Each structure stands twice: as C-alpha cells, then as structure tokens.
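The values are calculated or read from the model by the stated rules, or taken from the named source; none is laboratory data. Fair warning: this is a prediction, and the values are worked out from it, not measured in the lab. All Cβ positions, glycine included, derive from the backbone under ideal geometry; neighbour counts span all protein chains shown. Calculation scope for accessible area: heavy atoms of the full protein, side chains included, ligands and nucleic acids excluded. Shrake-Rupley method; radii C 1.70, N 1.55, O 1.52, S 1.80 Å.
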Amino acid sequence: MISKKVEKELNKQINAEFYSAYLYLSMAAWCQTKNLKGFANWMHVQYQEETAHALKFHDYVIERGGTVIFDAIAAPKISWKNIIEIFSETLKHENHVTALINNLMNVAISEKDYAASNFLQWFVNEQVEEEANVTGVLEQLKMIDGKGSALLMLDREMQQRVFVPLTAAN
Ligand code: FEO
C-alpha cells in the first residue's frame, strides 16, 4: 500500500506526463504545418514517450493498491515563432519535469517509501537522457541559426527517431 501523500503526488505526475504528451503533440502539429516533417516525427515520438511515462506511473499506482485519479489536462500552446523557440521551450519544460521528479523523490524518501523511491530512480535517469537529447538538438539548431538548407538536413536526421516501447529492461 502507498501512503495518501505518495498516491496524491504520483497522480499529479500522471497528469503532468499527459500534459507533456499533449504539449509535444501540439509541437508536432506545428512542425507538420511548417513542413518540417522530421521534426514533427521527433516530437511525435516524444509524445509517445510521455504517454508511456504517464502509463508507467498509472500502472505503478494500481500495483501498489492506490487509486488513479484522472484530472483535466491543461491546453498546451499551439503556436511558436520558430523551431529554435520550440526546442528552447522543450528544454525548459524538461527542466521543469526534472524538478517535479526530484520533488516526488523527496516525498517518497520523507515517507520512507523505499519501493516508490526505487521506482522513481528510473525517471531520475530518464530525465538525464531527456535533457541531454533536447540540449543536443537545441545546440545544433543554434549552430545553423534554425534555417536554410542545414535546417532541411537536420530535419531529415530527425526523421530517423523511432519510438521504443518501454519494457522491464528499459
Ligand atoms: Fe516524461 Fe519528458 O519526461
């Protein structure tokens, strides 16, 4: 059984992960509209990953005998100035998610819920990867000033990203 406090925080995180999914789907739609199909693909994979994160929390709450609460998902922004702004905001958003995960970890530790803290360690590692990936793309975009034929080349590279479903191993 999980404590009410941990259950409440995990439920907040389910909502935050679904919001992330919604935000990245909105960014994918923007990229598609601007004919940046590779970036649209990258964001669509990001949307799938966030949905998988939400479901990982969802399954964990149920596994521990808690109740999943489905709260309203806030509407994401739908328009951006350019692709650099999209990735700057993505990095800012991932930094925010890292802070949420760290806070959740603090709650689990203060509640002496070692199983939850062990579960959360996967997300701590995941955030390191997420921030590094987004920073990498943002740096490349800045290098090419987010435009011209170099942008089209990068767009082609972004097309390569594929969603890898979460398993017990990853
Ligand atoms: Fe679910 Fe992008 O962290």
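A few notes on this one:
- Debye, to nearest 20: dipole size of the chain, +1 on Lys, Arg Cβ, -1 on Asp, Glu Cβ: 340 debye
- Nearby aspartates and glutamates by direct alpha-carbon distance to LYS34 (threshold 17 angstrom, same-chain neighbours under 8 apart not counted): GLU85, ASP145, ASP155, GLU157
- Largest first, the extents of the alpha carbon coordinates of the chain on the three principal axes equal 55, 27, 25 Å.
- Net charge of Cβ neighbours under 14 Å - reference ALA108; Lys, Arg +1; Asp, Glu -1: +2
- Protein accessible area in region 49-170, 1.4 Å probe - carbon and sulfur %: 58 percent
- Going by accessible surface with a 1.4 Å probe and the largest first, SER3, SER110 read SER110, SER3.
- Summing Cβ point charges (Lys, Arg +1; Asp, Glu -1) relative to the Cα centre of region 28-104 gives a dipole of roughly 280 debye.
- Nearby lysines by direct alpha-carbon distance to LYS92 (threshold 18 angstrom, same-chain neighbours under 8 apart not counted): LYS77, LYS81, LYS142
- Reach of LYS5 by Cα under 20 Å, taken over aspartates and glutamates that are not fewer than 8 positions away in the same chain: GLU17, ASP59, GLU63, ASP71, GLU111, ASP113
- Each of ILE14, LEU151, ILE2 was scored by the projection of its Cα onto the charge dipole of the chain, and the greatest displacement toward the positive side belongs to LEU151; charges sit on the C-beta of Lys, Arg, Asp and Glu.
- Counting only protein heavy atoms and a 1.4 Å probe, region 33-86 has 53 square angstrom of accessible area per residue.
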